[in-house]
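All of the numbers you see were taken from the coordinates with simple rules; none came from a lab. All values reported here derive from a predicted model rather than from experimental measurement. As a convention, Cβ positions derive from the backbone with ideal geometry for all residues, glycine included, and neighbour counts pool all protein chains shown.
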């Protein structure tokens, strides 16, 4: 049985931890609202631009002179999985769920005989992916210096990805992130960003019959829109991740605070029982000594 001093020290330690988790919950809650507003504000533009690019891709006649971001390389053998996670932990299952989705996709591609590589945004997914897929991580973007996500950060990552694509390092790029739905729910999401994915559905097929006129010309428009679409989709993923991370951290710290309170109660009961047993033992010894006299 633990001594009274050990129990007292442990209660004090848990109380200190509870103060930290409670403070972290309040900080995450304060950051969540701003991050949620940014994610929800950027979502319609990103979704609309992606739909426009898919619509254009379905109408453009792909040929040798077509941009590679639109036409592809003619192969789908080499796949690059862009896994966006956080730089910090203590965010519940946020990073785990994203990495799990990337692992599932990677295992399916490897089973199909494809060559899979990983491009990491954030450091929290590296340890697991490095252990399970040694030698397959080609690059990791450090975002520890970023306080608020800006389009410039996504644009720099997009330029690097496009440069690697044009250099022939991969054929298809998939983006993995957590779509923010609520403070309690964050959905792991996969999105093909390179080349442009053309949805195979009736709506797109019907829309592809419409005549489209390009001004100034098709090549100029696509040369501007295709790289921008990659940057916008990356920016959206970063905004969604920022909101999802704060929501997941807020819930994790709330659970940790409540668990710390439960532990304090249990330790306090154990402390009181141990103290009562010690007092009873002392009284018995005093009474026994008095009777012996």
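What is the order of 12, 244, fewest Cβ neighbours within 10 Å to most?
12, 244
Could you give the nm distance between label points at residue 275 and residue 152, where each point is 7 Å from its Cα heading toward the beta carbon?
With each label placed 7 Å out from Cα toward Cβ, I get 5.8 nm.
Relative to the longest principal Cα axis of the chain, at what angle does helix 4-59 sit, 0 to 90 degrees, rounded to 10?
10
If packing is taken as the average number of other Cβ atoms within 10 Å across a peptide's residues, how do 274-285, 43-54 rank, most packed first?
Ranking, from highest mean packing down: 43-54, 274-285.
Running a GNM on the chain with Cα contacts under 10 Å, which residue among 247, 113, 89 ends up with the highest mean-square fluctuation?
Ranking 247, 113, 89 by mean-square fluctuation puts 113 first.
Given the DSSP H assignment, sum -39500 (n - 2.57) over each helix run of at least 4 residues in the chain and divide by its residue total; what's the result at 222 nm in deg cm²/dmol, nearest 500?
Per the formula, -22000 deg cm²/dmol.
For Cα Rg over 2.2 N^0.38 Å, the choices are (1) 0.98; (2) 1.21; (3) 1.46; which was calculated from the structure?
It is the one labelled (3).
Fewest to most neighbouring Cβ within 10 Å: what's the order for 86, 13, 144?
The order, fewest Cβ neighbours first, is 144, 13, 86.
As an exercise, use a Förster radius of 30 Å and the Cβ-Cβ distance of residue 34 and residue 258 to find the FRET efficiency, rounded to the nearest 0.05.
The pair residue 34/residue 258 has a calculated efficiency of 0.75.
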